[in-house]
Amino acid sequence: MLMARNKRKVLGILTSGGDCPGLNAVIRAVTKTALNDYGLDVLGYKDGYHGLVTDKFVRLRGDDVSGILSRGGTILGTSNTHDPYRWAETNRGKIVYHDHSRKAAASYRRNKLLGLVIIGGDGTMATAGKLADMGLDIIGVPKTIDNDLAGTDRTFGFDTAVQTAAEAIDKLRDTAQSHHRVMIAEVMGRYAGWLALNSGVAGGADVILIPEIPYDLAKVGEALKARSRRGKRFSILVVAEGAKPLGGQMVVARTEAASPDPVRLGGVGQAIARGIENIHGLDTRVTVLGHLQRGGTPLASDRVLCTRFGVKAAELAAAGLFGQMVALRGNDLVSVPLKQVAGKLSLVPTDHPLIAAARAVGTCFGD
Ligand code: F6P
């Protein structure tokens, strides 16, 4: 148990789900604000919900969060396979599931937490909502490179991932032009096309395929051939990992049985490349950007957003305003009830102005 010094109240914090640029910047902002402005102690659980269930934590002091603003990853560690309500354990070669939510609540109570700041994406917020129903005082902070969390216009980490993908697309263009090829960049984003749409527009992609607009390979081929007829002997195609053909399914790379969402997407780029080569005879290569999009130094815009989110989270905790997730609406920082966002996805509306803008500059969406 963490003994509160001089009876100072203790704020807990954890990072859960896939890592993402800016996690450390949020940890720093929450911790500094809690320590300096509100006289709270801060307890950081290790590896997300794993630490909460197993009661593994560290005390965070000012020095621990100094110099981490620009560092990728999370100093606390994270996990996207430990759900307190569906905790997977292997027993004689078989996976069995346990409900360890009472252990999570017990750690919270044993450490006499004033509240717990939970930094994560939609799955993490769904679990946070359930913990709140059990009486834990929770504040959520929306994280994910996918930008697919309901209730906020922006999740932190997204801008940086878009930049990483756009820079990769710029590099692929060199090879596309030199070799007169179709170069496909497969980007992450899970069931939402935000990352593909934004990086595709930023990288000047000729074709952008997103889950929200099922694609027709014939239409994609037509767009590529039309470019060839105009003397453009190369093309750039950006595809979201969750893109699917008309009447078809997303391509699943693997399943992680222990994970709250066991589906791991991947492989749609190769499927499209085979179609383009076989049907249309165009020389095509695929680059899967994968976890490169999750690492690295957060952009300045993400550092600013993380700092605003973290400070707001500590403020809400100090004011006793729990059961909320901090959020961005326009440029305003707000908070929304966890119940309204828990487990809900934000997908790209097919009439989104950025899709219209991309179409206006000649981008094909495969429809
Ligand atoms: O949610 C973030 C994300 O990177 C998704 O874009 C991707 O589908 C998934 O996580 C990959 O998960 P993992 O790290 O378990 O492979």
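The values are calculated or read from the model by the stated rules, or taken from the named source; none is laboratory data. This structure is a prediction, so every number in the text was calculated from the model and none was measured. Using ideal geometry, Cβ is built from the backbone for each residue, glycine included, and neighbour counts are taken over all protein chains shown. Protein only, heavy atoms only, side chains kept; ligands, DNA and RNA dropped before computing areas. Shrake-Rupley method; radii C 1.70, N 1.55, O 1.52, S 1.80 Å.
A few remarks follow.
- Qualifying residue in region 58-74 (condition: away from the ligand (no atom under 16 Å from the Cβ) and of a type in the set (Asp, Glu)): yes
Each row is one residue, and each column tells you yes or no for (1) farther than 30 Å from His179 by Cα; (2) open to solvent by less than 40 Å² (accessible area, probe 1.4 Å).
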{"residue": "Thr255", "(1), (2)": "yes, no"}
{"residue": "Lys312", "(1), (2)": "yes, no"}
{"residue": "Ala319", "(1), (2)": "yes, no"}
{"residue": "Val326", "(1), (2)": "yes, yes"}
{"residue": "Asn331", "(1), (2)": "yes, no"}
{"residue": "Thr363", "(1), (2)": "no, yes"}
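- Candidates Arg181, Arg229, Arg173: the one that is more than 16 Å from the ligand (Cβ to nearest atom) and at pLDDT below 95 is Arg229.
- Arg71 fulfils the conditions (1) out of contact with any helix residue (DSSP H, G or I) (no Cβ under 6 Å at 6 or more places or on another chain); (2) among the basic types (Lys, Arg); (3) farther than 27 Å from Gly242 by Cα except for a single criterion, (1).
- Test: residue in region 34-51 that is under 25 Å from Gly320 (Cβ atoms), part of a loop (DSSP other than H, G, I, E, B) and of a type in the set (A, V, I, L, M, F, W, C): yes
- In region 271-307, the residues that are open to solvent by 40 Å² or more (accessible area, probe 1.4 Å), touching a residue at least 60 places away in the same chain (Cβ under 8 Å), more than 16 Å from the ligand (Cβ to nearest atom) and assigned to a helix (DSSP H, G or I): Ile279, Ser301, Arg303, Thr307
- Test: Arg264 is surrounded by fewer than 19 Cβ atoms within 10 Å (Cβ to Cβ) and away from the ligand (no atom under 16 Å from the Cβ): no
- Candidate set: region 187-218, residues that are among the charged types (D, E, K, R) and within 16 Å of the ligand (Cβ to nearest atom); chosen: the one least open to solvent (accessible area, probe 1.4 Å): Glu212
- Those strands (runs of 3 or more DSSP E) lying entirely in region 90-173 with at least 2 residues in the same structural domain as Lys312 (by TED's automatic domain parsing) and under 30 Å from Asp332 (Cα atoms): 113-120, 138-142
- Applying a threshold of 7 Å to beta carbon distances and a minimum spacing of six or more residues, or different chains, the list of pairs starting in region 118-136 at a residue that is closer than 17 Å to Lys103 by Cβ and away from the ligand (no atom under 13 Å from the Cβ) and ending at one that is of a type in the set (Gly, Ala, Ser) and part of a strand (DSSP E or B) reads Ile118/Gly140; Ala128/Gly140.
- Selection status of Ala240, under 23 Å from Gly17 (Cα atoms) and out of contact with any Ser or Thr (no Cβ under 9 Å at 6 or more places or on another chain): yes
- Among the residues examined, Gly135 does not qualify as among the small types (Gly, Ala, Ser) and either open to solvent by less than 10 Å² (accessible area, probe 1.4 Å) or within 16 Å of the chain's Cα centre (by Cα) (or both).
- Residue selected from region 238-261 under the condition at pLDDT below 95 and among the small types (Gly, Ala, Ser), by the criterion nearest to the ligand (Cβ to nearest atom): Ser259
- Matching residues, region 98-117, being touching a helix residue (DSSP H, G or I) at 6+ places or on another chain (Cβ under 6 Å) and open to solvent by 40 Å² or more (accessible area, probe 1.4 Å): Lys103
- Among the candidates Gly22, Gly39, Gly12, Gly77, the residue that is away from the ligand (no atom under 16 Å from the Cβ), out of contact with any Leu (no Cβ under 6 Å at 6 or more places or on another chain) and among the small types (Gly, Ala, Ser) is uniquely Gly39.
- Any chance Gly221 is at pLDDT 95 or above and surrounded by fewer than 22 Cβ atoms within 10 Å (Cβ to Cβ): yes
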